[in-house]
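Enquirer: Quick one: this structure, given as structure tokens, is what I'll be asking you about.
Read-outs throughout are calculated quantities, based only on the coordinates presented, and are distinct from any laboratory measurement. All of these numbers come straight from a predicted model, not from anything done at the bench. Glycine gets a Cβ as well: all are built from the backbone with ideal geometry, and neighbour counts include every protein chain shown.
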Amino acid sequence: LSHHVATIDEDRNHIVGGATGWEVNSDLDGWSASSTFMLGDNLIFYIGDNHTVTEVMLEDDYNNCVADSRTDMDVVVEQDHTARIPLLTSGWHYFICGTLSLCKEGVKVKVFVSDHQRNETTSITDNQMNGTDSQRNGMNSHITFIGRF
């Protein structure tokens, strides 16, 4: 699968998995942890053979590679094998490959979307970044990002 991305605005569009993409050999957790996602950004998936993308609503479904057809949404893949997902709500978003064996091998990603838009001062707490309740462990450290991302 070749990647032709000449028109992608990297400030607002995130190629899922970076150079290795939406594949088993990608470090999707590392890619997500090293990226900053904000309202209005887009996730760009390059979909290979036997891959699909489903956005699941629950972290348990994400962890167990389970999609619920009543609440979860399959992502539309274009003829060029890409899918573009606008990040329109803040909080955690969970995406899995609908091919169970590939999801179990790690073709899934969760991203945290800040409730700020680009070019604003953005403040993200540890519990938002880690997906945990900082009140349980008494931590309340704070990370502040300022400027254009």
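Enquirer: Starting from the amide H of residue 41, placed 1.01 Å from N in the peptide plane, find each other amide H under 5 Å away whose residue is 5 or more places distant or on another chain.
Expert: 87
Enquirer: Spin-label point model (7 Å from Cα, Cβ direction): what's the residue 50 to residue 63 distance in nm?
Expert: Taking the two extended label points, one gets 2.7 nm.
Enquirer: Count neighbours as other Cβ atoms within 10 Å of each site's Cβ, and list the GluC sites (Glu not before Pro) in region 6-96 that are DSSP loop with at most 12 such neighbours.
Expert: Filter output for region 6-96: 10, 78.
Enquirer: Computed FRET efficiency, Cβ-Cβ of residue 76 and residue 34, R0 35 Å: what is it to the nearest 0.05?
Expert: The formula returns an efficiency of 0.80 here.
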